[in-house]
1. With equal scatterers on the alpha carbons only and no solvent term, can you work out the Debye log10 of I(q)/I(0) for segment C:121-172 at 0.17, 0.21, 0.25 1/Å?
2. Between segment C:4-28 and segment C:190-231, how many Å separate their Cα centres?
3. If you fit an axis through the alpha-carbon atoms of helix B:22-36 and take the longest principal axis of the Cα set of chain B, what angle between them do you get, 0 to 90°, nearest 10?
4. How big is the Cα convex hull of segment B:277-344 in projection, averaged over all directions, in nm²?
5. Which one, C:249, C:312, C:168, has the greatest fluctuation when you compute a Gaussian network model over chain C with C-alpha springs under 10 angstrom?
6. Which value, to two decimals, describes the C-alpha radius of gyration of chain B once divided by 2.2 N^0.38 Å?
7. Mean-square fluctuation check for chain C, GNM, Cα pairs under 10 Å: which of C:135, C:48, C:162 is largest?
8. I want to verify the translational diffusion coefficient of chain C in µm²/s; compute it with Stokes-Einstein, Rh as the Kirkwood radius over Cα pairs, at 4 °C and 1.567 mPa s.
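Please treat every number below as a calculation from the coordinates, not as lab data. The structure displayed is predicted, hence computed values, not measured ones.
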């Protein structure tokens, strides 16, 4: 299996810092890097810093694990709605499955997502946890 | 655009087919379709194959010529179409267009998937490739987890209950018990569904379509030629195809599948019918919640009332609209690439009147609805016993 | 060694992070059939455990982000150096500081490196930031001290080795100071008290040899060396924060140095969260900063096996009252906890060999 480091590196900083895209014409924000606005089709899309807090829009506890999460489960996956209305998919951490609720306020956390292999590169990225910080 | 008819169908038994390889399954279904159409294989002018991920499951790409070769379709054009679980529904559409356009007179279309040569966790990872690899699967979302997110919102927004989801599984298992080619031929109860292990809360094992090997094939020809091959051609009256965002989180309301709404609108318009005119439908119950949402998005009932519709028994065989008489993806099985054409096989048999114990009485107009991923693709076809 | 008379080299931001999981000593003892009586001397009740998706890098990033929260006047673009001290970084080759740099949005023109000196890699990072800020090489430096402390299964270190860390943003005559450095004094010798060979998963140590010839000798030498240079005595300090390998060594060394117990207890973490290795005394410092008053003086003395000690004299300014509440306090992390048993501890740590 060829290493995937270039593919991970292409999006690493966006995933660490929660950078998204914003259309300068219609204002639509998205999580991924876009060169065409998915709402209005404009090519005037720029990278922006997304808000680091939001609420849980929906959640599930995953018991049937994909191969990459071997030994890790069960874990909580959610769609999180950020303060500006954009939604993204992320794991909810530092929370017991019984305590997750729709509408629960959450904040950005920096966590291990996975690794290529024991000797391969490590992937980090965003997850969300119940709010702890002050600002 | 001229009219197109289905003149032959064939399908393998769906299930864990340990002794058969991908190519064997397709050839088996194709040979049966040729026999059903009373047709020589050298009459086939082109081959369209739906397949999701032979590369991941069995290390094989370039599936089109592989199967043309194994079917001895010498030098015939062979296409592989991929749209996740809607692969062969989409392949069917391209095959239909090939004949409708007048480019070809006789075309074979099918789907095949061989999923059991890898472990269940690996299959879960492959399935997740139907979603956004960088912004959903990368973070740990699986396909059942995505539909679990949808189910939870449906509970909260409309008061749908886990028991209502389970009723979909109960119905489809009951239907599959009458289908000799179905993967599962045992009935279940609501209690048994809710007691089965959790896959992604609130979806249980018995809420989710299984891992399956299988193939299904149909032969299409122009309506003028149809009577040469069969006394009971089934005509394509209309279709609708739509795409939607790849990621679930990019939809404003995840309890509705915009691609289903749009595709069905196009299909009804082209066929000149309304939802209430559908007698029998093979819908995409990749998960029980998907069937309930499909009732709503196809216009069989109001938004949010899908749970009530299954609860009142309206979609049983012989009900207001008979849904998934074959057993659906849940109980007939879901070899990802084969499902779309498998749905066609069932509707054709229903409209011919040859569906045996599963027969929907007086079925005149049928629908197949095939969904890819979390609704990023939807392919709908409407069939009739009579020409348009 | 070095006295800074100008009061201009200061911490302008500080932050910590401690994972949520805890394991009680009893659980570990139960797994190994160890008698609790034998463990009393450690004076540790429970320790933090990293979650299965946490590592030294994730802790470093969280601590760094908290430090930035307390330094709103600092833009990541003004950070000229990021140094991370650790003995548990996940890559033997690839600095944690590179990932922290990307995670906080540092510019490409930045100095990055990791420091290793057992439990004092983090204070080394602080020393470098002080030196580079004072020499005008950088406007601000970010020093990080974090570890997921390793311990051999069944060894006494399992009762104290835990996970956590802190970060500090340091500048000279820049930004809004929280506490300034008065002086710094280091000692180092070749003392084999605790080590980890390359490619070997768990550290080994010399048992009781880690006490007098290692911990006590170096902490006392650095502390007395610094106090002599500053011409100060224990009475001149309000707090002493020594390295905390367990709950008894720091109290003992403070006593031997002539500090009353009331001066070492406020910064003492190890009894309830264990030993963060590089993150240990730096997080003790943060705990003190969370409660100290302007004008109070802190003696910070780290200890790294191998062995050496870095001592710092730090004076709190009124900036602390403006900035203290801008990020979670150490106490907030201490109080955020979920208990697990040894079986989960072993799974989260990846200690089961396959």
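1. Each listed q maps to, in turn, -0.58, -0.70, -0.84.
2. Here the answer is 20 Å between Cα centres.
3. Helix B:22-36 sits roughly 60 degrees off the main axis of chain B.
4. Working: hull surface 17.1 nm².
The number I arrive at for segment B:277-344 is 4.3 nm².
5. C:249
6. Numbers: Rg = 18.9 Å, N = 388, 2.2 N^0.38 = 21.2 Å.
Cα-based Rg divided by the globular estimate yields 0.89.
7. Looking only at C:135, C:48, C:162, the largest GNM fluctuation is found for C:135.
8. Numbers: Rh = 19.7 Å.
For the chosen part, D equals 66 µm²/s.
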